[in-house]
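Structure, as structure tokens:
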């Protein structure tokens, strides 16, 4: 793409891409999986849902779910609070600015750790810990912004709790689709330490020069996204970008790198990006399911039978270190992480041998 010679878009936000960001896209023909029958234990509906999930996850790692059990009132309340937060005065939002090396807080274009190809967005990220002495979500809002934000924190606590419950439902269906013990993934993630993120994509007067989020696979496990009627999410399938048509009754689901490793590559991490538009802002809510930091990520034995391991055993803490300190998430994060992990493991082994010799 030829960049314009004169533009009001700051240089570090301009993406140099081989394709036109705003060219017309095909709409993605991804399955809409109805969870109602599976949730109530209907065997025929479960078989149909698991087959649709298997096809999507083996191909591109993306699908949507309906009849998911999350009340529309809660979805609307949580969504409306995005606008309330991002419309706060700068002095209020400054209280939660993300510090370098931290996962939590307000980030404007991830400028705390990136300098080029900046995403055209603001995000607020905060923790959801399934097992916690306190309430991680409400505690975050009240400690960072003040007690007057307790109602907002309570809304997102309830939303995160529902996303956690839904994640376990999807993971159980995923295990069925893979032909493994149906509780394997559900049990592994029942004490998850997850990430909740509010995304605000402002309008841009020259949207063909920027991206709201660059092409990447999520390094996390499972992403549950709620978006409004404004288009912007794109998924890379069959060597081209496809537009995801929003549905008010659906939640968008995609596989991340950590869960891909837990299937030994049977299911694919979803390559996606977000575009912005010229006239209106777009807001979304993303719940990133993550394992507890100490848990060892490994596929079930049924998947590994007579197959070579593609990825090492690792922990979520290892992934966080890699993506926060060494690598910007992209389409190749899992392979890059695997090489980095084995290199580190080899260095530690050599250091241990050397120490034994010296002693």
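Is one or more of the residues making up region 50-61 surrounded by fewer than 20 Cβ atoms within 10 Å (Cβ to Cβ) and part of a loop (DSSP other than H, G, I, E, B)?
no
Right, residue 297: free of Cβ contacts under 8 Å to residues at least 40 places away in the same chain and within 13 Å of residue 257 (Cβ to Cβ) or not? Give the derivation first.
Values: free of Cβ contacts under 8 Å to residues at least 40 places away in the same chain: yes; within 13 Å of residue 257 (Cβ to Cβ): yes.
Yes.
Of the residues 297, 276, which is in contact with a strand residue (DSSP E or B) (Cβ under 9 Å, 6 or more places away or on another chain), crowded, with 18+ Cβ neighbours inside 10 Å and closer than 30 Å to residue 248 by Cα?
Details: 297 fails: closer than 30 Å to residue 248 by Cα.
Of the residues listed, the single one that is in contact with a strand residue (DSSP E or B) (Cβ under 9 Å, 6 or more places away or on another chain), crowded, with 18+ Cβ neighbours inside 10 Å and closer than 30 Å to residue 248 by Cα is 276.
Name the residue that is farthest from residue 148 (Cα to Cα), counting only residues in region 90-102 that are modelled with pLDDT under 90 and surrounded by 12 or more Cβ atoms within 10 Å (Cβ to Cβ). Even if it seems obvious, please write down each step before you answer.
Here is the first cut: in region 90-102, the ones modelled with pLDDT under 90 are 98-102.
Those still in the list that are surrounded by 12 or more Cβ atoms within 10 Å (Cβ to Cβ) too: 98, 102.
Numbers: 98: 21, 102: 24 Å.
Here the residue is 102.
Output the residue which, of all residues in region 81-102 that are out of contact with any helix residue (DSSP H, G or I) (no Cβ under 9 Å at 6 or more places or on another chain) and not in a loop (DSSP other than H, G, I, E, B), is nearest to residue 40 (Cα to Cα).
In this case the residue turns out to be 82.
Each row is one residue, and each column tells you yes or no for (1) within 20 Å of the chain's Cα centre (by Cα); (2) free of Cβ contacts under 8 Å to residues at least 40 places away in the same chain; (3) on the phi > 0 side of the Ramachandran plot.
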{"position": "51", "(1), (2), (3)": "no, no, no"}
{"position": "60", "(1), (2), (3)": "yes, no, no"}
{"position": "70", "(1), (2), (3)": "yes, no, no"}
{"position": "87", "(1), (2), (3)": "no, yes, no"}
{"position": "91", "(1), (2), (3)": "no, yes, no"}
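Looking for something surrounded by fewer than 12 Cβ atoms within 10 Å (Cβ to Cβ), in contact with a helix residue (DSSP H, G or I) (Cβ under 9 Å, 6 or more places away or on another chain) and closer than 20 Å to residue 212 by Cβ - is there at least one such residue anywhere in region 108-115?
Pass one, region 108-115, residues surrounded by fewer than 12 Cβ atoms within 10 Å (Cβ to Cβ): 115.
After this cut, where a residue has to be in contact with a helix residue (DSSP H, G or I) (Cβ under 9 Å, 6 or more places away or on another chain) as well, the list is 115.
Still in the list and also closer than 20 Å to residue 212 by Cβ: 115.
Yes: one or more hits.
Could you pull out every one of the strands (runs of 3 or more DSSP E) wholly within region 139-235 that has 3 or more residues that are modelled with pLDDT of 95 or more and crowded, with 23+ Cβ neighbours inside 10 Å?
Working: elements: 193-201, 213-217, 222-227.
Qualifying strands (runs of 3 or more DSSP E): 193-201, 222-227.
Name the residues in region 176-205 that are in contact with a helix residue (DSSP H, G or I) (Cβ under 6 Å, 6 or more places away or on another chain) and free of Cβ contacts under 8 Å to residues at least 40 places away in the same chain, would you?
Result: 182, 186.
Which is under 30 Å from residue 72 (Cβ atoms) and either at pLDDT below 90 or in a loop (DSSP other than H, G, I, E, B) (or both), of 283, 264, 254, 277? It would help to see each step written out before you state the result.
Numbers: 283 fails: either at pLDDT below 90 or in a loop (DSSP other than H, G, I, E, B) (or both); 264 fails: under 30 Å from residue 72 (Cβ atoms); 254 fails: either at pLDDT below 90 or in a loop (DSSP other than H, G, I, E, B) (or both).
Criteria check complete, one pass: 277.
The values are calculated or read from the model by the stated rules, or taken from the named source; none is laboratory data. Given the structure is predicted, the values throughout are model-derived calculations rather than measurements. Using ideal geometry, Cβ is built from the backbone for each residue, glycine included, and neighbour counts are taken over all protein chains shown.
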